[in-house]
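For reference, the structure discussed in these notes is given below.
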Amino acid sequence: MTFAARDVAAEPTHKLVTRDLPGVKDGDPAGGVTAENRAVGVLLEYGDAVHLRVDSKHGQFETIRSEFARVPESEQVFVGSERVYRASLPGDRPLVESVLEISAGDTAEWVDRTFYLDAFAILTDESWLYHSIPHETHIRECNASEHDELVAALNETLESVPGSAVVPADGFVSWTIGGVTYELDWDSLHRYAGADSHAMYDLERLQRVCVQTPEAVLRLDWSPASAESLLQRAWWWVVNSESATPPTRVRVPDGERANAVLDAFDRLRSALDYSYEVGNSDRSSDE
């Protein structure tokens with residue numbers, strides 16, 4: 001679904017991300033819905049309205065239709081949408097929160113929250129703050145351009161949700177060397193070696209990263225592909241076999257840039273509770 005507000009306002013500056021931790025469900029204390037609802041609790045303090053696109057199958061649809069104003073097509077922030085309703089803040093906040101909450105083990109509420117709440121956005125009079133498509137968890141976008149303190153406030157409230165954070169929309173760090181570009185995103189190290197060559201290496205497999213000096217080379221230790229699930233290995237085989245074999249040595253332009261990359265790995269580990277180790281920047285290549 002296209003977010004029309006972006007056509008006239010800022011691009012997202014950050015995004016809310018949550019690691020897929022083993023055995024954790026959406027409504028659990030470390031689950032994705034819990035993380036989003038905690039973030040929304042902060043965002044609602046900054047917003048003036050919430051737009052909700054709701055399927056008529058939603059369990060609270062009749063309540064939403066009777067309590068919230070229908071948004072005219074000319075004012076909608078979702079392109080080509082029907083059944084979009086506007087909640088005013090702070091007055092309508094309790095009902096908005098009830099639409100977003102799910103009870104542990106309540107399958108009907110989980111289906112409503114994940115599939116029948118098609119999209120929602122938190123808006124101010126000037127722009128937008130947050131845009132979410134619940135069934136597409138990679139679309140949890142934040143526009144903090146007008147609020148310098150917002151990202152810090154969001155991450156403070158997410159400290160109690162392991163594996164969740166608000167991170168820069170354009171990744172943590174990138175560099176190019178020898179015609180190859182590397183980008184460190186929140187869940188992967190990406191490698192681009194041309195328009196048709198893209199591999200992504202899952203950070204869940206990363207065990208340790210350090211810098212070898214004086215060569216300015218990253219050394220990365222990964223768990224073996226054999227430790228991954230059969231489904232994951234099949235995906236690599238069909239879609240991108242290169243992603244199954246992450247590099248153990250990656251060159252960086254110089255020592256200063258190498259230290260910046262290592263610092264980015266360290267910040268990412270801290271933000272999302274990864275278990276990999278970050279070594280000292282002065283380790284030698286003979287280690």
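The values are calculated or read from the model by the stated rules, or taken from the named source; none is laboratory data. Model, not experiment: these values are computed from the prediction. Every residue, glycine among them, receives a Cβ derived from its backbone with ideal geometry; neighbour counts consider all protein chains shown. The accessibility values were calculated without ligands, DNA or RNA, using every heavy atom of the protein model including side chains. Shrake-Rupley method; radii C 1.70, N 1.55, O 1.52, S 1.80 Å.
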| query | Can you tell me which residues in the stretch 140-156 are within 21 Å of GLY27 (Cα to Cα) and open to solvent by less than 20 Å² (accessible area, probe 1.4 Å)? | reply | ARG140, LEU154
| Considering the stretch 50-85 alone, what residues qualify as being more than 25 Å from the chain's Cα centre (by Cα) and among the charged types (D, E, K, R)? | LYS57, GLU62, ARG65, GLU67, ARG70, GLU73, GLU75, GLU82, ARG83
| query | Within the stretch 205-225, is there a residue that is open to solvent by 20 Å² or more (accessible area, probe 1.4 Å), closer than 23 Å to VAL167 by Cα and either at pLDDT 90 or above or not acidic (Asp, Glu) (or both)? | reply | yes
| Do the conditions hold for ASP55, that is, is it among the acidic types (Asp, Glu) and under 23 Å from ALA4 (Cα atoms)? | yes
| query | Which residue pairs have Cβ atoms under 9 Å apart, sit 6 or more places apart or on different chains, and have a first residue in the stretch 156-179 that is acidic (Asp, Glu) and a second that is open to solvent by 40 Å² or more (accessible area, probe 1.4 Å)? | reply | ASP170/THR13; ASP170/GLU183
| said: Restricting to the stretch 61-75, count the residues that are in contact with a strand residue (DSSP E or B) (Cβ under 8 Å, 6 or more places away or on another chain) and open to solvent by less than 80 Å² (accessible area, probe 1.4 Å). | reply: 5
| task | State whether the residues of the stretch 76-92 include one that is open to solvent by 20 Å² or more (accessible area, probe 1.4 Å), without any contact (Cβ under 8 Å) to a residue 12 or more places away in the chain, more than 29 Å from ASP266 (Cα to Cα) and among the polar types (S, T, N, Q). | result | no
| query | For SER197, are the conditions met, namely being crowded, with 17+ Cβ neighbours inside 10 Å and outside the structural domain of LEU44 (by the TED database)? | reply | no
| request: Could you identify the single residue in THR107, THR114, THR137 that is among the β-branched types (Val, Ile, Thr), open to solvent by 30 Å² or more (accessible area, probe 1.4 Å), in contact with an Asp or Glu (Cβ under 9 Å, 6 or more places away or on another chain) and under 21 Å from THR18 (Cβ atoms)? | output: THR137
